[in-house]
1. When both residues are 6+ apart or on different chains and their Cβ atoms are under 7 Å apart, which pairs have a first residue that lies in region 84-102 and is within 14 Å of Ile74 (Cβ to Cβ), and a second that is among the small types (Gly, Ala, Ser) and modelled with pLDDT of 85 or more?
2. Collect the residues in region 333-368 that are buried (at least 19 other Cβ atoms within 10 Å of the Cβ), within 19 Å of the chain's Cα centre (by Cα) and either among the acidic types (Asp, Glu) or over 14 Å from Gln468 (Cα atoms) (or both), keeping them in residue-number order.
3. Listed residues Leu456, Leu430; which is surrounded by 18 or more Cβ atoms within 10 Å (Cβ to Cβ), out of contact with any helix residue (DSSP H, G or I) (no Cβ under 9 Å at 6 or more places or on another chain) and over 30 Å from Gly139 (Cβ atoms)?
4. If Thr159 satisfies every condition in (1) under 13 Å from Ala124 (Cβ atoms); (2) touching a Ser or Thr at 6+ places or on another chain (Cβ under 7 Å); (3) among the β-branched types (Val, Ile, Thr) but one, which is the exception?
5. What is the number of the single condition among (1) assigned to a helix (DSSP H, G or I); (2) touching a Leu at 6+ places or on another chain (Cβ under 9 Å) that Asp334 does not meet?
6. Out of all the residues in region 433-453, which are among the aromatic types (Phe, Trp, Tyr), in contact (Cβ under 8 Å) with a residue 40 or more places away in the chain and surrounded by fewer than 19 Cβ atoms within 10 Å (Cβ to Cβ)?
7. For Leu311, are the conditions met, namely being touching a helix residue (DSSP H, G or I) at 6+ places or on another chain (Cβ under 7 Å), closer than 15 Å to Val455 by Cα and crowded, with 21+ Cβ neighbours inside 10 Å?
8. Taking region 374-427 as the region of interest, how many residues are among the small types (Gly, Ala, Ser), exposed (fewer than 15 other Cβ atoms within 10 Å of the Cβ) and under 15 Å from Val340 (Cα atoms)?
Amino acid sequence: MTELAEPMSGSTEAAPLSLGTEAARNLATTTKSVPQMQGITSRWLLRLLPWVQADGGVYRVNRRVTYTLGDGLITCFTTAGRNEILAADLRELHYLREFADDSVLQALADRFVERQFQPGDVIAEAGRPAQELVVLVHGKADKLGTGRYGEPATLEVMTGGRFFGERILGADPAPWDFTVKAATACTVLVLTDRALAEVGDRIDSLREHVQEAQRAAELEAGRSTADGEASIDVVSAHQGEPTLPGTFVDYELSPREYELSVAQTVLRVHSRVADLYNKPMDQIEQQLRLTIEALRERQEDEMINNREFGLLNNAAPRQRLSTRSGPPTPDDLDELLALVWKEPAFFLAHPKAIAAFGAECSRRGVYPAGTDLNGHQVPSWRGVPILPCNKIGVSAERTTSIMLMRTGEAAQGVIGLRQTGIPDEYEPGLNVRFMGVDDKAIISYLVSTYYSAAVLVPDALGLLDDVQLGAGS
């Protein structure tokens, strides 16, 4: 039997018997992916929102005349450790609408005093004299009443900026017909009837304005609907010959106009890269693809958060509510559906808010069915899809908002605005314009997208605020 040859002295490894993989890779064709980008999201809002052409870059929302109901929020701010009322926001009070004298409003604002309440404390009690105007600065309070059969009922969950008691501005305010109880630690600012009288007795313009506002409110009550719109007089009768009323539909004299906003950037590619490194993938095409993805992400963010036209900032005050206990519960989403009850299209929520809602459902033994949306299985509630959107922010206190909307012009809902047919259009409402080659051989392209969003009538959009996320969310 032939013996194997001994390895050479000093050698620790046997000689290779075939070509190694590292050397072989030099002759191989590598399979590559296109450039990946973690920041790309589903962008459900952009995908599902109906888009309307805004010729001239402007879209005007004409509405039937609406009488301002004074149901907004009163802003409070802190200076030198003291909470104060923003005087101009006192015009949110029904009786101070269109009051012109800023110095009088400031005199009122200066007479608010601060009070603190602990969870469970009563801020106002039903049946007691209504002698105060109360503005909630921080915290959450439950406005409680009595149901038809005498059972306790929660009328409203009040949060910062909400107020009650403006009846002290009128003559002979009635006692409280509700109770307000602190659900969390609360800070409120209070204007007493005595402090109000001090201002009113000294300043005739305030007293006269309030009296005129009372007379106007009586007239308005017969001229407006429950939604505050100017009424259209009609008559219905089966017998006799009733006199038919004359009527007309009045329009707002100063309708809101939405101008298209823009997100832009300049894409730069060196000509050497574009010329020599263009296979198997077009370098300019891949650079442009990811640039457009980033612009579309910014577009969706602006359509949700922009201070002028973003949906989070354009929900009517009466279309906003707060969670009852913190985490989003089925009851909270039902209440939101009651605000946007006419053909709701979809909920939009941060992924962590969706997880918190799922946890609440599981805790209660409720298991919502999913729904198919354009080939995707998504969670839903009462058949309305719940879609994730990471553009809805989460505060430092781990609270966020859930949005519900009706969409489309025909449904008087929420719409997206853009203009198509623009020069050098690459996608609808987005163009790529060649800017030239500079003396360093760098090719430049201007990439722009034009957009906005509009809420056609207030009840098309509802918000659930103060949504508390769980510790693990």
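The values are calculated or read from the model by the stated rules, or taken from the named source; none is laboratory data. What you are looking at is a predicted structure, and each value in this text was computed from that prediction instead of being measured. No Cβ is skipped: glycine too gets one built from the backbone with ideal geometry, and neighbour counts run over all protein chains shown.
1. So the pair list comes out as Glu84/Ala109; Ile85/Ala109; Ala87/Ala109; Leu90/Ala109.
2. Hits for region 333-368 are Leu336, Leu339, Val340, Pro344, Ala345, Phe346, Phe347, Leu348.
3. Values: Leu430 fails: out of contact with any helix residue (DSSP H, G or I) (no Cβ under 9 Å at 6 or more places or on another chain).
One residue alone meets the criteria, Leu456.
4. (1)
5. It fails just one condition, (2).
6. As a first pass, look at region 433-453 and keep what is among the aromatic types (Phe, Trp, Tyr): 434, 445, 450-451.
Cutting the leftovers down to in contact (Cβ under 8 Å) with a residue 40 or more places away in the chain gives us 445, 450-451.
Hits for region 433-453: nothing passes.
7. Values: touching a helix residue (DSSP H, G or I) at 6+ places or on another chain (Cβ under 7 Å): yes; closer than 15 Å to Val455 by Cα: yes; crowded, with 21+ Cβ neighbours inside 10 Å: yes.
It is true that Leu311 is touching a helix residue (DSSP H, G or I) at 6+ places or on another chain (Cβ under 7 Å), closer than 15 Å to Val455 by Cα and crowded, with 21+ Cβ neighbours inside 10 Å.
8. Initially, region 374-427 is screened for residues among the small types (Gly, Ala, Ser), giving 375, 380, 383, 393, 395-396, 401, 408, 410-411, 413, 416, 421.
Then keep just the ones that are exposed (fewer than 15 other Cβ atoms within 10 Å of the Cβ); that gives 375, 383, 393, 395-396, 410, 421.
Narrowing further to those that are under 15 Å from Val340 (Cα atoms): 383.
Residues that pass the stated criteria total 1.
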